[in-house]
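The values are calculated or read from the model by the stated rules, or taken from the named source; none is laboratory data. Everything quoted here is computed from the prediction, not taken from an experiment. Because the Cβ atoms are built from the backbone with ideal geometry, glycine has one as well, and the counts that use them run over all protein chains shown.
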Amino acid sequence: MKVVALGTYPIKFPIHGGQRRVTAFRDAYVERGYDYHYIALYDPGSYKLEDVNPSDIPTDPTYSSFPDVPFITDMETGRYFAFNNEAFQALASQITELQPDFLALEQPFLWPFVKRYLEESRRPISVFYSSQNAEGRLKYDILRRNGGVRHAVADRVKTAIDECEFELCRNSKVVIAVSEEDARSYAEEADCGDRIIVIRNGIDYSPWIRESSEVSRIFGGPYFIFVGSAYPPNIEGFDHFVLKNRLYFLPPRKSVAVCGGASDGVFQLNRYLGHLASYSERVQFFPKIDDDTLSALKNNAHAFLLPIQTGGGSNLKTAEALVSGKWVITTSVALRSFEEYRNAPGVIIADTPAAFGEAMVDVYHRPPLILSNDHVAYRRRVTWDSLFNSAEADRFFDILRP
Amino acid sequence: MAVYYDITTSLNWAASPVGIIRVERELGKRFYHDPELLVQFCIYSKKHKAFLEVERSTALQILDGKLNRKMLEENLPKPPLSQFLFAQEIYKPFARYAHVMLKGVRHDKAANTFDDLKKMFDGEMLNWKEPTILDGFSEIKLTRDDVIITGGLDWEYKELVEINKAKSTIGFSYVAILYDLIPILYPQFVVPAYTELLAGYFGELFWTADGLICISETTKNDAIAYCEKWRLAPPSLSVFSLGSDFGGKVPSKGPSTHLEAILKKIGNRRFGLYVSTLEPRKNHRILFLSLWGELASGALDGDECALVFVGKRGWNIFEFLFEVEHNPIVADSIILAEDLSDEDLLLLYKAAHFALFPSYYEGYGLGLAEALREGKHVIASDAPALIEVSAGKALHLDPNDTRAWRVALYEAFKRKEGQINIEPGGFGATWDQSYDEFKFGLRMAAGDKIARNEAAAS
């Protein structure tokens, strides 16, 4: 059986959550004997040639049905490959050559292309939708909060994405949702409740590196760790839940590690720059960090921070934080699809800046978390190994079977 | 075992002393004359990230308000005229437009040419070093036995992060006056641009200070609550009262022409006096609304009563003053004054029928203490520090209860006697008493070092 999956980013070097999820699914297909091909229709402004595979195709980032609206390259990519004949043919011929039994869509954006392809090719290919978020609502939030887009325009974009996503749901043999909440939304809007399977996000877990001279040189005491990409909700969440309380409950020594693409955005926040001298004593940024150092940083952290205010899907960083066995201070949004851990030992839910600040103060003064073996095992249920060995995953692969 | 008293704020202050400046100067003068302590004086330089020593006689001039930064800067040597003109007319314009002038020349060549020319012009200026007032002060090499005492506008003039670093390395003691935590507790009452600056200052202060000497139990309680909330180990906390005796000054002559003009506006009317900066926290508005209500209803007569607001114009007050000055009923009955000398202010207190202090929150409320010391009936808000300072001698009202303030204002104007049952001078602390209490707090914060200094002094 052959699966061809389409997405809007390459997975040659899986870094962000979406890439890692696609890669985990790829590995699961291959392990079960499927012939799996992934084609990325990527933004050449965001990925260099060395970041993509030969089968990946660049989109035209200037193609725009919503002029002047930022953050919608993914949506425009689907329209470009559907409505630009040259682009359509380039992708269609590649798919036809592969002769897939299934077309899997990572995110709904390429549905306009797939719809046209199925109509024109008249080939009996089953489609399934592997959702990563309920995209319309998420996109609306990003456009309003971070894109400076007016409600009316953001709402039109949301409506366009919703229509695309729900039509895809209706036409899919199976819909994989990433959280119960998203599953409910698809069931209500697309009437596809009997075809939805929830497979939340997981992580590849291997024991973290225990020691690092750099980490012990920088941090002389307990520290919080926040890992995030440059994705706007990460920066906004850190601003709202962490910096709003200010960091003066921490001594003037390194006590917070900010890792990943969020670093620049956090540094440029008014709430950070307004206290630059003091926070430079307390916060250490790791904008570009190698895997070993990140692994040691996580291993030696006192607590993980998940200050996410908006966004959909389920957060890979949440899974990492849970598996760590450390204290986890999280919002309900960040814990989405991991709700069963709400009352787990060492997991603290804080949904207001005040509560988040209180939790940080409280946890900072607590000893390192020590979990029983049962609780360690319970937390490790969020690894991909564990998720793909679940009844839900078996059900999914049963449906695919001819 | 040197004890340094920081007078950075006094050095930078050119106007009449108010609030914090008065505290720094009154305590400083007493440190200067104290035979039991060997106190030296210092200022902090952000540029040097260090404390600089101030010679004692210079320090006294600064504390007496006879010397300040502005005066020192006026006395700095000026560059010779030729070099000054060269700098102003040739060098600066050239530097600004050099790249435009060299447009068209290859980039690397333009850069070289510019550098060569700049070197040449710099050479012309080599003989002239821009002097600063700090040139006259030498850096203090602090030791672990030393104590720094500070109580000025430190969020403005100090880098606490740097002081803390130096303190961690050297081990000297740092004792500061804590006036209030208003920027943390009531950020809405702080100039917007200062909210984060002040929050950062307090945030760092609790990690830096060995001792905080608070100006009231209220402020001390606020400090304790802050430490409890953020689980900080509190530094040594003590309390001293502010002096309300204007440093023992007595009006020796009649009113100045400045005060005479104000008194002329008041005329024969009874007046209530509010001495405080004009800004939203001080709640002048409730007095305006109350007086307006009483005048409009005819309960009070504008020919018989007035309110006098003495204070600098602070932030976010422009529209309020416009309302006051353009309200046909109230405009002539509210008189604004500022920049009064201590002697004039004392005379005004004596002439007032009663005093007012409707502020939403205070660390102390010096104006309230000063009015009570003059034996005046005072209507004040029920802010905790004001209740603490009045010790039951004032009428306290909810600062938002306009009805209550109208009634109180009416009754105050109708009182036959302006004086209450306090002998003038019989209330509150003098600055000498204030200094003794301050020294007690100092011993709590840095006892061993102060004791060694006192032993050396004796």
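Based on this model, can you work out whether A:Ser314 counts as closer than 23 Å to A:Asn299 by Cα and either part of a loop (DSSP other than H, G, I, E, B) or at pLDDT 95 or above (or both)? First the steps, then the outcome.
Details: closer than 23 Å to A:Asn299 by Cα: yes; either part of a loop (DSSP other than H, G, I, E, B) or at pLDDT 95 or above (or both): yes.
Yes: the conditions hold for A:Ser314.
Checking A:Ser337 against (1) on the phi > 0 side of the Ramachandran plot; (2) surrounded by fewer than 20 Cβ atoms within 10 Å (Cβ to Cβ), which test does it fail?
Exception for A:Ser337: condition (2).
So which residues in region A:102-124 are touching a residue at least 40 places away in the same chain (Cβ under 8 Å) and at positive phi, if there are any at all?
Within region A:102-124, the first condition is being touching a residue at least 40 places away in the same chain (Cβ under 8 Å), and the residues that meet it are A:102-115.
Scanning region A:102-124 gives a single hit, A:Gln107.
Name, by its number, the condition in (1) in contact (Cβ under 8 Å) with a residue 12 or more places away in the chain; (2) more than 24 Å from B:Lys416 (Cα to Cα) that does not hold for B:Phe271.
It is condition (2) that B:Phe271 fails.
Conditions first: (1) farther than 22 Å from A:Thr330 by Cα; (2) in contact (Cβ under 8 Å) with a residue 40 or more places away in the chain. A:Glu236 passes all but one, so which condition is the exception?
(1)
If I ask for residues that are in contact (Cβ under 8 Å) with a residue 60 or more places away in the chain and surrounded by fewer than 23 Cβ atoms within 10 Å (Cβ to Cβ), which ones from region B:386-400 would you list?
B:Glu388, B:Asn400
Among the residues of region B:38-49, how many are over 21 Å from the mean Cα position of the chain (by Cα) and crowded, with 21+ Cβ neighbours inside 10 Å? Don't jump to the end; show me each part of the working.
Looking only at region B:38-49, we keep the residues that are over 21 Å from the mean Cα position of the chain (by Cα), and these are B:38-40, B:47-49.
Of the ones still in play, those that are also crowded, with 21+ Cβ neighbours inside 10 Å are B:39.
Number of matching residues: 1.
Say we look at region B:140-174 and pick out the residues that are within 14 Å of chain A (Cβ to nearest Cβ) and of a type in the set (Phe, Trp, Tyr); which of these is surrounded by the fewest Cβ atoms within 10 Å (Cβ to Cβ)?
Restricting to residues being within 14 Å of chain A (Cβ to nearest Cβ) and of a type in the set (Phe, Trp, Tyr), the top hit is B:Trp155.
If a residue has to be surrounded by 18 or more Cβ atoms within 10 Å (Cβ to Cβ), within 14 Å of another protein chain (Cβ to nearest Cβ) and part of a helix (DSSP H, G or I) to count, how many in region B:185-244 make the cut?
14
At pLDDT below 95, outside any loop (DSSP other than H, G, I, E, B) and of a type in the set (Asp, Glu): which single residue out of A:Glu340, A:Glu281 fits that description?
Details: A:Glu281 fails: at pLDDT below 95.
The conditions single out A:Glu340.
Which residue pairs have Cβ atoms under 7 Å apart, sit 6 or more places apart or on different chains, and have a first residue in region B:180-193 that is without any contact (Cβ under 8 Å) to a residue 40 or more places away in the chain and closer than 21 Å to B:Ile224 by Cβ and a second that is surrounded by fewer than 20 Cβ atoms within 10 Å (Cβ to Cβ) and of a type in the set (Val, Ile, Thr)?
Filtered contacts from region B:180-193: B:Pro183/B:Thr195; B:Pro187/B:Thr195.
Those residues that are over 23 Å from B:Leu185 (Cβ atoms) and not in a loop (DSSP other than H, G, I, E, B), I need them from region A:219-251; list them, please.
A:Phe224, A:Ile225, A:Phe226, A:Val227, A:Pro232, A:Pro233, A:Asn234, A:Ile235, A:Glu236, A:Gly237, A:Phe238
Taking helices (runs of 4 or more DSSP H) that do not extend beyond region B:267-381, which have at least 1 residues that are surrounded by 21 or more Cβ atoms within 10 Å (Cβ to Cβ) and acidic (Asp, Glu)? Write out each step before concluding.
Numbers: elements: B:284-297, B:318-326, B:342-351, B:366-373.
Ranges flagged: B:284-297, B:342-351, B:366-373.
From A:Lys288, A:Lys326, grab the single residue that is buried (at least 21 other Cβ atoms within 10 Å of the Cβ), at negative phi and among the basic types (Lys, Arg).
Working: A:Lys288 fails: buried (at least 21 other Cβ atoms within 10 Å of the Cβ).
Among A:Lys288, A:Lys326, only A:Lys326 is buried (at least 21 other Cβ atoms within 10 Å of the Cβ), at negative phi and among the basic types (Lys, Arg).
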